[in-house]
Each structure stands twice: as structure tokens, then as C-alpha cells.
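This report refers to the structure that appears directly beneath it.
We did not get these values from a lab; they are worked out from the coordinates using the rules stated. Just so we're clear, the structure is a prediction, and the values are computed from it rather than from any experiment. Because the Cβ atoms are built from the backbone with ideal geometry, glycine has one as well, and the counts that use them run over all protein chains shown.
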Amino acid sequence: MSAAPLLQVKNLKMHFPVTEGVMVRKVVATVKAVDDVSFSLQPGETLGLVGESGCGKTTTGRCILQLEKPTAGEIIFEGEDLAKLDRKGLVAKRARMQVIFQDPYSSLNPRMKVGSIIGEPMKVHGILPDRKQRQERVAELLSVCGLNPKFMDRYPHEMSGGQRQRVGIARALALNPQFIVCDEAVSALDVSIQAQVINLLEDLRDKFNLSYLFIAHDLSVVRHLCHRVAVMYLGKLVELADSDELFEHPKHPYTKALLEAVPIPDPTIEKGRVHRIMQGEVPSPMNPPSGCVFHPRCPIAVDSCKREVPQSRELRPGHWVACPRV
């Protein structure tokens, strides 16, 4: 992997105001969806972003793509801070960044044929202005994604969920991007179809030297596909390490709890396993706990955890943990 990161996220914050009132809007609270998150991504690398629902994974991806304007922090893509670019500069960068959405049923326009859906980004960005050349490119993308080129004359409702997601992947590849955000890209699919789409994403990454930010809940999928894994909890990044290192030597109590919740396929081993259930509920991001946000549910918390925000430190080469107790 290259020494120069493709993407650097530095101290990213995304706070949403909560307002009340009809005639006069008044801010009464703030939802801290993402709170001081930092990581980097190398060319050709896949970084998994995991955590329970509401922890800020999707918001992080949307901020990177500039679909949300971050409250604070830097997002440096190919050496340029996206927040400082004008509209023209951002449009040029967006051709290099794409997204594969979670739901293949709602992410495709039901009134457009597949050929138009995949060809529209090329038309918008002025790539291949000739209609015949665009059609040839669409046919090539469909073949690359494992679909018959004849599918370009179909509407989304005439296709299965797995086929629709392949269309979404083909659309993401239309502009020859360098970086793709996969936002729960396989969670809405059947298990057998998931495996096919995961293998497709892996093949495309190797073929086109793509970099993925892979947002997911399924830890087995993350371990198979990702080079590194970042664990989020309540808007904070609590652990970051190489995939095998994190799964074999988890350090943060929250990471350990996530991995212990994964069922083992062997029923004999699963029956004899001791389950340690995490206590308490996830706090509200409108009123997060002081100090370490995980301390109300942490089995090893001490009084200082309630006061001091833990700083991420490197326990092993490339293994970062935001907990002073490990």
C-alpha cells in the first residue's frame, strides 16, 4: 500500500440541532452524531466501519461524500480538503467518490431503465457525450458486474434484489472512481446473494484498485472483506486495528462485547459458551455521558472514566484503542 493516504479524516464532528417552535424556531438541544473521529484510508484498502445502529457510521460516510456539511474537522481526499473546495472543484472530486446504498429497492429510479440509470452519471459529468459510446460503456459495466447487457432495457421492478444491487454497483463504477462508500451494501439481500455481491466487490477492488469504506453490521462479512476495522460507539471511534488483529485480540470492552454477541455456527460449541450480556441501554446522543461515553455500560470502568475523555493510544503497531484501562 502507498505511504500517502487516499483519504484522511481528522477530528470530524457532525452535530445536528434540535429545534422547537412554529413561528420562532429555537435550538433546544444538539445531537452529537459524530464526535471527534479520525482515521485514514490507503489506495486499494478496505476499511470496515462497525457499531450498533445509531452510532454514527452512515453519518460519517455522508460527511465524507459532502452530502452533509460537517460541523468541524477536515476531510482530505487526494490531498485536498473537501470542505474548502468551491462547487466546481467539489463536482470534479465527486466523480472520484461514489456510494453504494443499502436498499436496492429505493436507490434506483423506478421510472428509468437500467441503461439510463447507469448512463446518467456519465451524461451529467460530460464523460462519453456520444450516446452510442455511453451505451457501449453501460453494456461493459453490466458485464463486469455479472449481468447480461440486455438488462439495460429493463426497469428496476423487473429485477431481483441482488440484480438491482449489481446495477447500483455498476452505476458507482460508471465514473471510474477511486473511492466508494459501501453503506450496508449487502444487509438487505438474502444470505446466498450476499456472498455473490461480496465476492464481486472483492474482485472489483482488486481489478480497479478501489478503496472502500465498508459500513456494516455483519462482522463475519467485515472480517472477510476488510483490511482494517474501525469500531464506533455513540459517535466516537473506540478501536481501530488490522482485521485479523482486532478479531483475534480485541482490547476495548465494547469491541469484546460485539464479538461475543456473534453466534458460533457449531451448535455444540455455542451451547457450552458463556454469554456475557452487556448491561444497560445505549445513551441518547443528545445527552451523551461525560468522560468516556461507554462508561455507564463498561464492566471495567472506574471513577476517572466518568470525568476524563479517553485519548486513542497505540497498544500494538497499528492497533489503536481509546481506553486507559486496557
ask   = What does the charge add up to near LEU237, with Lys and Arg as +1, Asp and Glu as -1, over the other residues with Cβ less than 11 Å from its Cβ?
value = -1
ask   = Which FRET efficiency, nearest 0.05, do GLU281 and ASP36 yield, Cβ-Cβ r, R0 22 Å?
value = 0.45
query = Okay, helix-only estimate at 222 nm for the chain: each DSSP H run of n ≥ 4 adds -39500 (n - 2.57), divide by all residues, round to 500 deg cm²/dmol; what do you get?
reply = -9000 deg cm²/dmol
ask   = How much net charge surrounds HIS157 when only the other residues with a Cβ under 13 Å from the Cβ of HIS157 are counted, with Lys and Arg +1 and Asp and Glu -1?
value = +3
note = Reduced to Cα centres, the span from the stretch 186-221 to the stretch 55-69 in Å works out to 20 Å
request  = Tabulate in residue order the Karplus-calculated ³J(HN,Hα) for the stretch 260-269, using 6.51 cos²θ - 1.76 cosθ + 1.60 with θ = phi - 60°, rounded to whole Hz; enter x for Gly and Pro.
outcome  = 6, 7, 6, x, 9, x, 7, x, 5, 5
ask   = Taking θ as phi - 60°, what are the ³J(HN,Hα) couplings along the stretch 40-45 by the Karplus curve (6.51, -1.76, 1.60), each to the nearest whole Hz, with x for Gly and Pro?
value = 9, 9, 8, x, x, 9
query = Where q = 0.13, 0.17, 0.20, 0.23 Å⁻¹, what log10 of I(q)/I(0) comes from the Debye formula for the stretch 195-289, counting one point per Cα?
reply = -0.59, -0.92, -1.12, -1.27
ask   = If we count other beta carbons within 10 Å of each Cβ, what is the order of THR19, THR71, THR58, fewest first?
value = THR19, THR71, THR58
key: Residues whose placed amide H lies under 5 Å from that of GLN98, excluding near-sequence neighbours   = PHE179, ILE180, VAL181
inquiry  = Over the Cα atoms of the stretch 1-123, each weighted equally, I'd like the Debye log10 I(q)/I(0) at q = 0.10, 0.11 Å⁻¹, rounded to two decimals.
reply    = -0.42, -0.51
message = Taking 56 Å as R0, compute the FRET efficiency from the Cβ-Cβ separation of VAL326 and ARG111 and round it to 0.05.
response = 0.60
message = I need the trypsin sites (Lys or Arg not before Pro) found in the stretch 138-214, filtered to DSSP loop residues with at most 16 other beta carbons within 10 Å of theirs.
response = ARG154
ask   = Listed here are the pairs LYS69/LYS256; LYS84/LYS113; LYS69/LYS113; LYS32/LYS207; LYS207/LYS256; LYS251/LYS306; which of them are more than 27 Å apart at the Cα?
value = LYS69/LYS256; LYS84/LYS113; LYS69/LYS113; LYS32/LYS207; LYS207/LYS256
query = So what are the ³J(HN,Hα) numbers for the stretch 182-196, from phi and the Karplus equation (6.51, -1.76, 1.60; θ = phi - 60°), rounded to whole Hz, Gly and Pro as x?
reply = 9, 8, 6, 5, 10, 5, 8, 9, 4, 4, 5, 6, 3, 4, 5
request  = Mind putting a number on the dipole of the stretch 1-150 about its Cα centre? Charges go on the C-beta only, +1 for Lys and Arg and -1 for Asp and Glu, and I need it in Debye to the nearest 20.
outcome  = 660 debye
message = Distance between the C-alpha centers of the stretch 72-150 and the stretch 1-46? Whole Å please.
response = 23 Å
ask   = Roughly what % antiparallel, to the nearest 5, for the DSSP beta bridges in the chain?
value = 65 percent
ask   = Ratio of the stretch 55-198's C-alpha Rg to 2.2 N^0.38 Å, to two decimals?
value = 1.09
For THR46, distant residues with modelled amide H under 5 Å away = TYR212, HIS227, ARG228
